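Working notes, beginning with the structure itself.
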Amino acid sequence: MLKKLCEAYKIAINEQQATLLEEFVRNLVEAPFNLTGIRELRSALLKHVIEVLLPLINENLEGYVIDVGTGGGVPAVPISVYYGEKVKVWALESIEKKARFLNTVAEKLKLSITVLNTRAEEAGKEKYREKFDAAFSRALGILPVALELMAPFVKVGGKIYIYGGRTSEDKTTKINTALKELSLSLERIKPYTIEGKDLRLLVFRKYEPTPEAYPRRFSVIKKKPLKD
């Protein structure tokens, strides 16, 4: 099923990749606790694979990549399978049962992913600071919060990718403070549509090291986000 969906959207994957990703999504859907609200396989494949990969078709991604707040492994797993040996993927998840699930599935499917069970604001101040060429996220809350949690992981010159819906473009008008404080620039917004659903991938670039003050404690980030 996934191979046909990818062909329809001109996403180039082989049979082995399609089989692996479809099995991964089956595990998400059949998990003993709620990792996705979608229970129908085709809809889950669209949500957790096609929505992730479609805006990356012409994106030259390589090196060290981290998915911040990965949940059950999205977008980490699709990115790892799609790019193969070009990338080394870390998946960060603070909730232990979700991280444990992803570790189990990664071992079962022989996925090349490193799972980190820790909080982003803590890992971003430690050995993972400015280690990665790219950071991804799909569910870290409002943009200023997501940017503050993600920026410390990325090397100078690296990119931050944030998935969003049709309102993402409007929300970028309130992130000038976050961009300035975190030494980021909004490089481009990539719009795309899947079965009538308008989506956006926001791409940011880091042009200077993240100031030592960031990330702040999560309670502070949440209470006082870097909004205009």
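The values are calculated or read from the model by the stated rules, or taken from the named source; none is laboratory data. The structure presented is a predicted model; accordingly, all values stated were derived computationally and were not measured. Using ideal geometry, Cβ is built from the backbone for each residue, glycine included, and neighbour counts are taken over all protein chains shown.
Key figures
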item: Scan of region 99-121 for residues that are touching a residue at least 12 places away in the same chain (Cβ under 8 Å) and acidic (D, E), ordered by number; result: E121
item: Of the criteria (1) farther than 30 Å from Y9 by Cα; (2) of a type in the set (K, R); (3) within 19 Å of the chain's Cα centre (by Cα), which one R205 fails; result: (1)
item: Selected residue [in contact with a strand residue (DSSP E or B) (Cβ under 9 Å, 6 or more places away or on another chain) and within 21 Å of L35 (Cα to Cα)] from L56, L102; result: L102
item: Residue in region 213-226 that is of a type in the set (A, V, I, L, M), modelled with pLDDT under 95 and in contact with a Ser or Thr (Cβ under 6 Å, 6 or more places away or on another chain) present; result: yes
item: Strands (runs of 3 or more DSSP E) (entirely within region 122-207) containing at least 2 residues that are of a type in the set (F, W, Y), crowded, with 23+ Cβ neighbours inside 10 Å and in contact (Cβ under 8 Å) with a residue 12 or more places away in the chain; result: 132-137
